[in-house]
Amino acid sequence: MASKKKTPFDSVKVLEQIEEKFEMFQILNEEGKVVNEDAMPELSDEQLQELMSRMVYTRILDQRSISLNRQGRLGFYAPTAGQEASQIASHYALEKEDWVVPGYRDVPQIIWHGLPLAQAFLFSRGHFQGNNSPEGVNVLPPQIIIGAQYVQTAGIALGLKKRGKDTVAITYTGDGGSSQGDFYEGINFAGSYNAPAIFVVQNNQFAISTPRDKQTKGKTIAQKAVSAGIPGILVDGMDPLAVYAATREARDRAVAGEGPTLIETLCYRYGPHTMAGDDPTRYRTDDMDTEWEKKDPLVRFRKFLEEKGLWNEEKENEVIEKAKEEIKAAIKEADDTPKQKVTDLMEIMYEEMPYNLNEQYEIYKEKESK
């Protein structure tokens, strides 16, 4: 038997040492108890209540959106239940002037950033008005191409830097998105130019039906930051305080000129990948669902706030009723929005209509007038 060749270095040991550094950052455990007092973010009682309100509202929005989709009143929809801490707490750490570059599951963040709820519903229906953000609402339309938002974010962040803005661009993708070339290109470009970007990977364990351990041999996704020369952190994505603290620290570093950060949030989506026919029972077990339900971000945060006397059933019911009323009004507004026409799409595509489309435009305009 041939002896193993001796090498002047141990590359396996180097990898193991790197991977060991990426321990999960947590502040609240599953019982809502603080386990990392030193890391507690400086949030007032009112801010803690607001964060909880937004998470509860988002859970109701998810439930109603699923129902509306099943009724045929919404089009494409990707459920968000289970990811409220990852999505809402990270967004809560931002400022109004920051840019949010979402994936298709990240509609809640752009709603809380200022996109009217009715427009979010129109986006789901494929209506062009759903992508027409109001002036001053710094969001891009949800990206359908997996991972493409990472490249967009790198570009936006570089633009912010060149303009001398004290703002950041944040983007989101899933664990599956971290396997895309755009993911690596985005974090590498932003790192090279020290651009103020925050890259979030919401590791909800499955890219549709592909489990996370099939995506990469890496022990964590956060460690991929090392290859781009930027900081990376693994966060308990079911812990809103940990997600907030990690995102806020990343933002503070970015506006101070210290460049981008990669944040991996360990979380779980309770529903299907999308409402377009995915059946999670084919690739997830009941035991896995039960295990993650015990980590529910709303339950965890609720226990924490109740212990502090900041939350109760009455407050939660108020938020639930408000959400239902606003959703009802928004879907009616979406229903009342004029149907989009072919001529609408041609008009918004070009500032000056190309000569070869003028004739087609007149044909459609005549048809639509009848």
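The values are calculated or read from the model by the stated rules, or taken from the named source; none is laboratory data. Not measured: the values here are computed from a predicted model. So basically every Cβ, Gly included, is an ideal-geometry build from the backbone, and we count neighbours across all protein chains shown.
Would you pick out the residues in segment 246-272 that are assigned to a helix (DSSP H, G or I), of a type in the set (A, V, I, L, M, F, W, C) and over 16 Å from the mean Cα position of the chain (by Cα)? Those that are assigned to a helix (DSSP H, G or I), of a type in the set (A, V, I, L, M, F, W, C) and over 16 Å from the mean Cα position of the chain (by Cα): 254, 255.
List pairs: first in segment 5-33 and in contact (Cβ under 8 Å) with a residue 40 or more places away in the chain, second of a type in the set (Asp, Glu), Cβ under 6 Å, 6+ apart or cross-chain? So the pair list comes out as 24/236; 26/236; 26/239; 27/239; 28/239.
In segment 163-215, which residue that is touching a Ser or Thr at 6+ places or on another chain (Cβ under 6 Å) and either among the polar types (S, T, N, Q) or surrounded by fewer than 20 Cβ atoms within 10 Å (Cβ to Cβ) (or both) is farthest from residue 279 (Cα to Cα)? Only one residue fits best here, namely 171. Among the residues that make up segment 199-219, is at least one of them in a loop (DSSP other than H, G, I, E, B), of a type in the set (D, E, K, R) and in contact (Cβ under 8 Å) with a residue 12 or more places away in the chain? Within segment 199-219, one or more residues are in a loop (DSSP other than H, G, I, E, B), of a type in the set (D, E, K, R) and in contact (Cβ under 8 Å) with a residue 12 or more places away in the chain. Suppose the filter is in the same structural domain as residue 59 (by TED's automatic domain parsing), touching a strand residue (DSSP E or B) at 6+ places or on another chain (Cβ under 7 Å), surrounded by 24 or more Cβ atoms within 10 Å (Cβ to Cβ) and of a type in the set (A, V, I, L, M, F, W, C); does residue 157 pass it? Yes.
Applying a threshold of 8 Å to beta carbon distances and a minimum spacing of six or more residues, or different chains, the list of pairs starting in segment 36-59 at a residue that is outside the structural domain of residue 239 (by TED's automatic domain parsing) and of a type in the set (S, T, N, Q) and ending at one that is surrounded by 18 or more Cβ atoms within 10 Å (Cβ to Cβ) and not in a loop (DSSP other than H, G, I, E, B) reads 36/25; 36/242.
Just to be sure I understand, how many residues within segment 295-318 are among the hydrophobic types (A, V, I, L, M, F, W, C) and surrounded by fewer than 19 Cβ atoms within 10 Å (Cβ to Cβ)?
Step one: of segment 295-318, the residues among the hydrophobic types (A, V, I, L, M, F, W, C) are 298-299, 301, 304-305, 310-311.
Retained after the next criterion (residues that are surrounded by fewer than 19 Cβ atoms within 10 Å (Cβ to Cβ)): 299, 310.
The number of residues fulfilling the criteria is 2.
For segment 340-357, the criterion of being among the basic types (Lys, Arg) and touching a residue at least 24 places away in the same chain (Cβ under 8 Å) is met by at least one residue.
Please enumerate the residues belonging to segment 266-297 that are within 17 Å of residue 240 (Cβ to Cβ) and among the acidic types (Asp, Glu).
Keep residues of segment 266-297 that are within 17 Å of residue 240 (Cβ to Cβ), which gives 266-270, 292-297.
Hits for segment 266-297 are 293, 296.
Of the helices (runs of 4 or more DSSP H) that lie entirely inside segment 1-115, those containing 3 or more residues that are at pLDDT below 95 span 11-20.
Examine segment 233-240 for a residue that is more than 30 Å from residue 282 (Cα to Cα), of a type in the set (D, E, K, R), touching a residue at least 60 places away in the same chain (Cβ under 8 Å) and in a loop (DSSP other than H, G, I, E, B), and state whether such a residue exists. No. Can we say residue 62 is under 22 Å from residue 299 (Cβ atoms), in contact (Cβ under 8 Å) with a residue 12 or more places away in the chain and acidic (Asp, Glu)? Criteria met by residue 62.
For segment 18-59, the set of residues classified as surrounded by fewer than 18 Cβ atoms within 10 Å (Cβ to Cβ) and farther than 24 Å from residue 249 by Cα consists of 31 only. Filter segment 273-294 for residues that are surrounded by fewer than 18 Cβ atoms within 10 Å (Cβ to Cβ) and part of a loop (DSSP other than H, G, I, E, B); which is farthest from the chain's Cα centre (by Cα)? Only one residue fits best here, namely 285. Checking the structure you have, find out if any residue of segment 107-123 is among the β-branched types (Val, Ile, Thr) and in contact with a Gly (Cβ under 9 Å, 6 or more places away or on another chain). Looking through segment 107-123, none of the residues is among the β-branched types (Val, Ile, Thr) and in contact with a Gly (Cβ under 9 Å, 6 or more places away or on another chain).
Pairs linking a residue in segment 154-176 that is touching a residue at least 40 places away in the same chain (Cβ under 8 Å) to a residue that is among the hydroxyl-bearing types (Ser, Thr, Tyr) and surrounded by fewer than 24 Cβ atoms within 10 Å (Cβ to Cβ), with Cβ atoms under 6 Å and 6 or more positions apart or on different chains, are 160/167. The C-beta contact set for segment 297-319 (first residue closer than 25 Å to residue 35 by Cα and assigned by TED's automatic domain parsing to the domain that holds residue 84, second residue of a type in the set (S, T, N, Q) and surrounded by fewer than 19 Cβ atoms within 10 Å (Cβ to Cβ), distance under 6 angstrom, 6+ apart or interchain) comprises 310/49.
Conditions (1) farther than 13 Å from residue 324 by Cβ; (2) more than 18 Å from the chain's Cα centre (by Cα), marked per residue:
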{"position": "46", "(1), (2)": "yes, yes"}
{"position": "50", "(1), (2)": "yes, yes"}
{"position": "56", "(1), (2)": "no, no"}
{"position": "62", "(1), (2)": "no, no"}
{"position": "72", "(1), (2)": "yes, yes"}
{"position": "75", "(1), (2)": "yes, yes"}
{"position": "78", "(1), (2)": "yes, no"}
